[in-house]
Amino acid sequence: MKKIASIDIGSNTVRLLIVDSSGNQDFKLIVSKRNITRLGESMDSHGKLMEKRIAVTLNVLKEFRQICQENGNPPLFAVATSAVREASNGQEFVRLAKKETGIDIKVISWEEEARLTLEGVFWKILHENRKIITLDIGGGSTEFILSKGKNISSFCSSPLGVVRLTEKFITQHPVDDKEFKDLQNHLRKELIAVKKQLSEFSPEILIGTAGTVTTLAALKEKIYPYDPEKIHGSIFSFHDAKSILEDLKKKSLEERLALKPLEQGREDLIIAGIAIVLETMRAFDCKMLKVSEYSLREGIILNAIHKN
């Protein structure tokens with residue numbers, strides 16, 4: 001067995017995974033950690049990564065580097081996505097991370113992110129060559145991947161990230177009806193363009209990954225503490241998501257945090273996140289969503305194993 005590690009630096013969350021690998025797709029989990037750092041905060045208004053968010057993210061990377069060293073310092077593959085990819089100071093962040101943490105970060109393209117995400121999603125979900133749309137909701141962007149099994153037919157990366165949309169539309173908690181209607185109208189307009197781009201065939205199944213959908217699953221089933229085994233492969237309906245959203249919209253941030261399955265740092269973003277889920281289900285006429293606990297960071301490790 002050989003240890004291997006991956007770090008996924010997203011616009012909202014930084015995730016670490018360390019596994020023991022026997023050189024195939026069966027690996028044993030050693031460490032799984034995530035921290036919300038909101039690296040992509042204010043990207044729309046400033047076009048660059050904010051110093052305070054860089055500092056928070058670097059501290060998390062230092063912690064993750066230390067965890068790797070405590071676990072035998074395995075080969076580490078770190079990637080950055082939307083926020084770093086788009087920021088005017090993205091490469092400066094990469095250089096600073098190398099200097100302060102020793103971690104080499106690869107800024108990956110939309111295309112590579114889509115491919116690696118599907119690799120992770122289908123690690124533990126049988127695709128059976130069905131027509132699938134995979135939804136990966138991030139802080140700065142949301143990726144929509146249309147595939148037949150693992151074969152990507154087309155994909156679309158949109159600026160519909162939960163941090164972006166929350167900053168733009170949702171300023172009040174409980175949620176103001178007009179603000180939410182504006183968000184909903186914006187999503188419906190954007191999703192017309194997304195659907196047009198992914199029009200080769202109608203999907204048979206919708207799979208969702210990342211924090212919004214795993215949080216929805218945890219809220220629906222009242223799963224606390226967080227249990228990946230119970231989350232992965234679970235299913236919720238349009239009605240389930242809408243019911244949870246209507247309840248959360250009426251709550252203050254403090255009242256939402258009283259719900260144990262709702263992770264701190266997600267209490268304001270969850271509204272935009274569920275809105276993305278619902279409007280995607282509506283646009284692609286998918287009444288159910290299947291949840292994948294696994295995505296990019298698992299895809300990174302599977303890709304590294306294949307190369308070796």
(1) open to solvent by less than 60 Å² (accessible area, probe 1.4 Å); (2) closer than 23 Å to residue 42 by Cβ; (3) modelled with pLDDT of 95 or more; (4) out of contact with any Asp or Glu (no Cβ under 6 Å at 6 or more places or on another chain) all hold for residue 206 apart from (2)
Notebook entry, point to check: Scanning for something over 30 Å from residue 116 (Cα atoms) and open to solvent by less than 30 Å² (accessible area, probe 1.4 Å), does the stretch 218-230 turn up at least one residue?
Noted result: no
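So that you can scan it fast, the table gives a plain yes or no per residue for (1) under 25 Å from residue 36 (Cα atoms); (2) of a type in the set (Phe, Trp, Tyr); (3) open to solvent by 10 Å² or more (accessible area, probe 1.4 Å); (4) in a strand (DSSP E or B):
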| residue | (1), (2), (3), (4) |
| --- | --- |
| 119 | yes, no, yes, no |
| 132 | no, no, no, yes |
| 136 | yes, no, yes, yes |
| 144 | yes, yes, no, yes |
| 152 | no, no, yes, yes |
| 160 | yes, no, no, no |
Over the stretch 208-231, the set of residues part of a loop (DSSP other than H, G, I, E, B) and in contact (Cβ under 8 Å) with a residue 60 or more places away in the chain is 210
Exception for residue 59 within (1) within 20 Å of residue 104 (Cα to Cα); (2) in contact (Cβ under 8 Å) with a residue 12 or more places away in the chain; (3) open to solvent by 70 Å² or more (accessible area, probe 1.4 Å) falls at (2)
Item to complete: Tell me, yes or no, whether the stretch 30-43 has at least one residue that is without any contact (Cβ under 8 Å) to a residue 12 or more places away in the chain and not in a strand (DSSP E or B).
Response: no
Residue hits (the stretch 103-117; open to solvent by less than 30 Å² (accessible area, probe 1.4 Å) and not in a strand (DSSP E or B)) are 103, 108, 113, 114, 116, 117
Listed by first then second residue, the pairs whose first member lies in the stretch 290-304 and is at pLDDT 95 or above and open to solvent by 20 Å² or more (accessible area, probe 1.4 Å), whose partner is of a type outside the set (S, T, N, Q) and not in a loop (DSSP other than H, G, I, E, B), with beta carbons under 6 Å and at least 6 positions apart or on separate chains, are 290/207; 290/235
When every residue in the stretch 1-41 that is surrounded by fewer than 23 Cβ atoms within 10 Å (Cβ to Cβ), touching a helix residue (DSSP H, G or I) at 6+ places or on another chain (Cβ under 7 Å) and hydroxyl-bearing (Ser, Thr, Tyr) is compared, the one modelled with the lowest pLDDT is 21
Cβ pairs under 8 Å, 6+ apart or interchain, first in the stretch 168-189 and under 18 Å from residue 248 (Cα atoms), second open to solvent by 30 Å² or more (accessible area, probe 1.4 Å) and among the polar types (S, T, N, Q), ordered by first then second residue, are 179/171; 179/172
Within the stretch 64-89, the count of residues that are surrounded by 15 or more Cβ atoms within 10 Å (Cβ to Cβ), free of Cβ contacts under 8 Å to residues at least 60 places away in the same chain and more than 25 Å from residue 307 (Cβ to Cβ) comes to 3
Matching residues in the stretch 232-283 (open to solvent by 10 Å² or more (accessible area, probe 1.4 Å), outside any helix (DSSP H, G or I) and not basic (Lys, Arg)) number 14
Note on residue 67: of the conditions (1) touching a strand residue (DSSP E or B) at 6+ places or on another chain (Cβ under 9 Å); (2) in a helix (DSSP H, G or I); (3) within 17 Å of residue 38 (Cα to Cα), unmet is (3)
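The values are calculated or read from the model by the stated rules, or taken from the named source; none is laboratory data. In this text, all values refer to a predicted model and were calculated from it rather than measured experimentally. When we count neighbours, we look across all protein chains shown, and the Cβ atoms used for this are built from the backbone with ideal geometry, even at glycine. Please note that ligands, DNA and RNA were not included when accessible areas were found on the heavy atoms of the full protein model with its side chains. Shrake-Rupley method; radii C 1.70, N 1.55, O 1.52, S 1.80 Å.
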